[in-house]
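Here the structure comes first, spelled out in structure tokens, and everything after it is commentary.
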């Protein structure tokens, strides 16, 4: 598919946009995301920002429409631009949604991840880099302890700050029916705990757009 489409189905370009092999935007629900492509029938602008800027959604601040505004999008770079996927996506967001951002430090409500003093660590060792997966009530992740903290942050939608002092690569698998309270209990079963606190963190602020 050449050109860019945005709901209602209006073509913005008759020729293939520079850098993209396939690109379209339209309305909502199914999503497949890889390291260099998106194919979704309903994704929020905040999710797109999270991918483009490699920043968890809980660390992106801005107007409510970032969450409520959803689009269907197919975004696949051409073969020569696969390594430029996130840069292309940032440019696309600036052009189509007039996004302007900056980073700054803000004090946020967070969970601090610590080791439990009264329980052994039950994370398994892993050689794999970071990733998370949620499927049919099962939640799994692997990578550095910081990557695992990001996995928990993804489900809790609140920043998770690692203060375990652990190094190396780990993996875990837990039953997760969708309740944050259940996740907090499951994390304790791994020999960890998530403690509510406040920390000053760098956030991505959307100062203009749409």
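At-a-glance table
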| item | result |
| --- | --- |
| Rg in Å to one decimal, and Dmax rounded to a whole Å, for the stretch 63-134 via C-alpha atoms | 19.4, 53 |
| C-alpha center-to-center spacing [the stretch 149-210, the stretch 67-95] in angstrom | 26 |
| Span per principal axis, largest first, for the Cα atoms of the chain (Å) | 64, 33, 29 |
| Cα-derived Rg over Rh, computed across the stretch 107-200 with Rh taken as Kirkwood radius | 0.93 |
| Overall form of the stretch 148-210 per C-alpha gyration tensor (a/c, 1.5; a/b vs b/c) | prolate |
| Rounded FRET efficiency, nearest 0.05, which uses the C-beta distance separating residue 131 from residue 22 and R0 of 30 Å | 0.80 |
| Least to most buried among 152, 97 (fewest other Cβ within 10 Å first) | 97, 152 |
| Estimated distance in nm for a label pair at residue 185 and residue 166, the labels positioned 7 Å out from Cα along Cα-to-Cβ | 2.1 |
| Segment residue 105-residue 86, extension gain: residue separation times 0.36 nm, minus the distance between their alpha carbons | 4.5 nm |
| Order by protection proxy (mean Cβ within 10 Å, highest first), peptides 106-116, 41-51 | 41-51, 106-116 |
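Every read-out reported here was derived from the displayed coordinates using simple, explicitly stated rules and does not represent laboratory data. Just so you know, these numbers come straight off a predicted model, no measurement behind them. As a convention, Cβ positions derive from the backbone with ideal geometry for all residues, glycine included, and neighbour counts pool all protein chains shown.
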